[in-house]
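Visitor: Structure below; questions to follow.
The values are calculated or read from the model by the stated rules, or taken from the named source; none is laboratory data. Source: prediction; values computed, not measured. For the accessible areas, the whole protein counts, side chains as well, though only heavy atoms, and no ligand, DNA or RNA atoms are used. Shrake-Rupley method; radii C 1.70, N 1.55, O 1.52, S 1.80 Å.
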Amino acid sequence: MKRQIAAVIITALISIGTASAQGGGGPRKTVPERVKEVMEKLVDFKLDKAKSDQADSIFTGFFTSQQKMMEEMRAGGGTPDREVMRENRRKLVDERDTKLKTVFTEEQFKKWKDEIEPSMRPARGNTPVGGGQQ
């Protein structure tokens, strides 16, 4: 009987740990924290002060607009329309990318889109335990 109770407790603790690890329930990063994170990843670009300031400003505007959009969506109540959300986000990304093209070289922009931007996306919690291998 003691073994069964211990097994139930261990299983419950593992479930709680897995759920909290996948939940992403930690505090959201502020706009300055997100900008700092991006700018740290752009160190290899060796941007001069003016271009670095421009990139910082572009990302600050982008993350601020993104945050405002999410706050408006949450305040609206009800179930948000995924297509509208996707379209609004696409517009923000397109505006940001148009501005970044004036700051980055073609090679830097390609690296941004292919390597850095994908690494900035939060991991999704829908991967099966065990990495999906059966």
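Visitor: If ligands, DNA and RNA are left out, what is the accessible area of ILE116 with a 1.4 Å probe, given in Å² to the nearest 10?
Guide: Looks like 10 Å² after rounding.
Visitor: Follow-up question, since we're still on this one. Between GLU37 and ARG121, 0.36 nm times their residue separation minus their Cα-Cα distance comes to what?
Guide: Working: separation 84, 0.36 × 84 = 30.24 nm, distance 1.18 nm.
Taking 0.36 nm per residue and subtracting the Cα distance, the gain is 29.1 nm.
Visitor: I'd like the accessible area for ASP114, computed on protein heavy atoms only with a 1.4 Å probe and all protein chains in place. Round to 10 Å², please.
Guide: My reading of the accessible area for ASP114 is about 90 Å².
Visitor: Next up: Quick check: with the 1.4 Å probe, what order do ARG90, ARG82 take by accessible area, largest first? Let's see the in-between values first.
Guide: Working: ARG90 120, ARG82 165 Å².
Final ranking, largest accessible area leading: ARG82, ARG90.
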